Every structure is written in structure tokens, then in C-alpha cells.
1. Does region 169-176 contain at least one residue that is touching a Pro at 6+ places or on another chain (Cβ under 8 Å) and under 21 Å from residue 314 (Cβ atoms)?
2. Starting from region 197-219, take each residue that is on the phi > 0 side of the Ramachandran plot and list its partners that are in a strand (DSSP E or B) and at pLDDT 95 or above, counting only C-beta distances under 7 angstrom and pairs at least six apart or across chains.
3. Quick check on my filter: what residues within region 206-225 are surrounded by fewer than 22 Cβ atoms within 10 Å (Cβ to Cβ) and in contact with a Pro (Cβ under 9 Å, 6 or more places away or on another chain)?
4. Of the numbered conditions (1) touching a residue at least 60 places away in the same chain (Cβ under 8 Å); (2) charged (D, E, K, R); (3) part of a loop (DSSP other than H, G, I, E, B), residue 267 fails exactly one; give the number of that condition.
5. Would you pick out the residues in region 122-143 that are part of a helix (DSSP H, G or I) and either assigned by TED's automatic domain parsing to the domain that holds residue 278 or of a type in the set (Gly, Ala, Ser) (or both)?
6. Go over the candidates 289, 354, 334 one by one and state the one that is within 30 Å of residue 75 (Cβ to Cβ), crowded, with 16+ Cβ neighbours inside 10 Å and among the hydroxyl-bearing types (Ser, Thr, Tyr).
7. Would you mention how many residues in region 114-135 are touching a Cys at 6+ places or on another chain (Cβ under 7 Å) and of a type in the set (Gly, Ala, Ser)?
8. At pLDDT 85 or above and assigned by TED's automatic domain parsing to the domain that holds residue 120: does that describe residue 53?
Amino acid sequence: MADLGIKVTIVTRAESGGQRIGAFDLIRIPRRAGLTEDLSWAFSVRRAVAAVSPDVVLAAEWRHPALACTFGARTWAVVTCLAGSLAQLRRLGREHRRDRQVLRVATRLLGERLQTTRADAIIAPSEAVLDWASRLWPISANPTRVIPNCVDLKLLQKNAPAARPAGYPIEGRSVVFVGRLDTQKGVDVLVEAMLGVWNRVPDARVVLIGWGPRSTMEEIRHRVRASAGRLYILGPRPHDEVCAALARAAVVVAPSRWEAFGLSALEAIALGRPVVATSGSGFESFLESERNALLVPPGDASGLAAAIIRLLRDKGLAQRLGDGGRADAHAYDSPLIARRYLAFFREILALRDSA
């Protein structure tokens, strides 16, 4: 957006730091922990937005940061970009059902619903997440547009040759997972699948990059205790290290039970890496089995293991899928997607002006 001449201001939760990141203005709002922290955050965002007076406020529905921006007199349009709501995650992953703070859960569920239904428009990265949101909430009257997520191809290529991330395996062939380490992302299915992979490809190493609750980490380590030397949990890493890890992967896996889009898989194909992902959700908006990836049913550990083994054993297939993905990724380069966002914003502003 900034490269297109649009002034961009980012409002974020942070205790301290500078007021600019590259070409972006930055407003940092300290976090206030507690049962009502999401509402407090939403009203803080409203005050920050009012001070800037933008044309468009773009925010995900997750934890409803732009909820307060939809109320009262305002000069801006609110656009909710669907990323996955708490209501969806509570159906998909047990970790999100463990929150016993009834008030906090109820506030988030209602806040996400209200921000989305009250928004001037809705952007969805895939038809899959738009369809689910349409079944959750009454949004048929909201202007909507499916615009995929994007990758910065220049930045990916710049970061790919970076040094091997600390803790990354030196030997063997790496099966790399990037994302939240929980059941919605299918990390439990991946661990189960790797037990079968190791029986057929003993030199395979599984690399997990991302944050996960302690209970999930304990379950993973217990499940693979007999093969602990082939499991590498790197934890959260900066984006340049994620790119370097993806670029070194023999196979990148995205075994989510459901996904709104799947950005790490898009980054992987942009780097020419063979990907195994799941069918039936947002991955299918940019992945096609046997052409630029292999797709398996969600929750199918044996199918996931078979696909990983196939790619580790068939270099020709891995190369063909990687080449196909690299070619397809050009359609998702950030300058192209930014123009689609900007065109939709202008449509929404024109509708507001004519109302």
C-alpha cells in the first residue's frame, strides 16, 4: 500500500518502541491484562483511529480490535478481514475450549460477531473462510470480496539464503512445520504421521517452528520419546529465520484440520519447496494436488505419512511440485494483491459517499 502512495498507520499492542517501521507510522498501545482486556484494547484502538482519521480501518475479526470503530459518528469505513474467529477455533482445537473464563469467552464471541456484522465491508482470503463466516453470522448484506493473502517475493528470496536457524538439524532430511503448535493446526496428526515416516525413512527429521501451549509440547515429546533425536522444536522465530528454514526443507507440511488460507504453505511454494497440506479448506484456494502440492484429508495421519514418504523418496516429484508452486506464487506477490485491496477500498468509500 505504501508503495502505491497510500499512507499506512499500524496500531499494535506493544509496551515501547519507535513510531515508524519502514514506510509505516506506528501507534503502540500497552496491553492491559484482565477479563476485559479485549474491550479495553478495542476502545484504545478507537481513540488511536480518531486521532489519525483515516479513510479505511482494516482489522481481522480475531479478538475484535475494530469493534469500537464501528460505533458512533465516524468518517472512516471499517473493513473486517476474516482470519478465523474464536467460534471457529473452539470447534477445531481443544486448546481453545479450555478457557474457563466464561465472561472473557462470551465477550470475544460477541465482539467478533458484532465487528464483522457491523463492518462496512468484509474481505476473505478464501471462499472457505467466507462460507464458514456466512454460516456463523448474518453477513449476506455486507459487501464482500475474496482477496487472497500475499507474499513479498523479493523479501522471501532475500531471506532464503540466510544462515541455518539455531537448533535446525544439520544432518538428515527436514520435514518442516511452521505455525501454532496446537490441534487446529494438526501438529498432533503430524507427530503421529512421523512415527510411520521414520519406519520407512529413518533419516527424516521433523522441525516444528511456532508457539504452543505447554500441554501440547509435553504430549508431543511423550509421543515421540523413542525418536526424540529426530524431533526439533525451535519455538517462535523471526521471519528471516522462518524463510531460511523453509528454504532448507525437504518437505513442508501444513496438516491443519481447517485453515482460512495457509500463509506458510504459500511462502513454501514461493520458495520452490514441495508441500503436503490438507484438503477441504483455504489451502485449496491456491494448492492443487499433484500439480503444486500433495493434499490429504485433514486428520489422516496415515495419508499424511504416505505423502511425506512419497516426496522424500521421489526427487522428481518433489522437484516438479516445487517448480509448479514457485510459478504459481507470482500471482500472490504483494504489489499485485495490494492493488486489489486498494480497488475494493475505493469501491466501499464510493458506496459510503453515495449513501
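The values are calculated or read from the model by the stated rules, or taken from the named source; none is laboratory data. None of these values were measured; they are calculated from a predicted model. Using ideal geometry, Cβ is built from the backbone for each residue, glycine included, and neighbour counts are taken over all protein chains shown.
1. Our first condition is that a residue be touching a Pro at 6+ places or on another chain (Cβ under 8 Å); within region 169-176, this holds for none.
No: region 169-176 contains no residue that is touching a Pro at 6+ places or on another chain (Cβ under 8 Å) and under 21 Å from residue 314 (Cβ atoms).
2. Partner pairs satisfying both residue conditions: 210/178.
3. 210, 211
4. It is condition (3) that residue 267 fails.
5. Within region 122-143, the first condition is being part of a helix (DSSP H, G or I), and the residues that meet it are 127-136.
Within region 122-143, 128, 133, 134 meet the criteria.
6. On the way: 289 fails: within 30 Å of residue 75 (Cβ to Cβ); 354 fails: crowded, with 16+ Cβ neighbours inside 10 Å.
Only one candidate qualifies: 334.
7. Going through region 114-135, the residues touching a Cys at 6+ places or on another chain (Cβ under 7 Å) turn out to be 123.
From what's left, of a type in the set (Gly, Ala, Ser): none.
Counting residues in region 114-135 that are touching a Cys at 6+ places or on another chain (Cβ under 7 Å) and of a type in the set (Gly, Ala, Ser) gives 0.
8. Details: at pLDDT 85 or above: yes; assigned by TED's automatic domain parsing to the domain that holds residue 120: yes.
For residue 53, the condition - at pLDDT 85 or above and assigned by TED's automatic domain parsing to the domain that holds residue 120 - is met.
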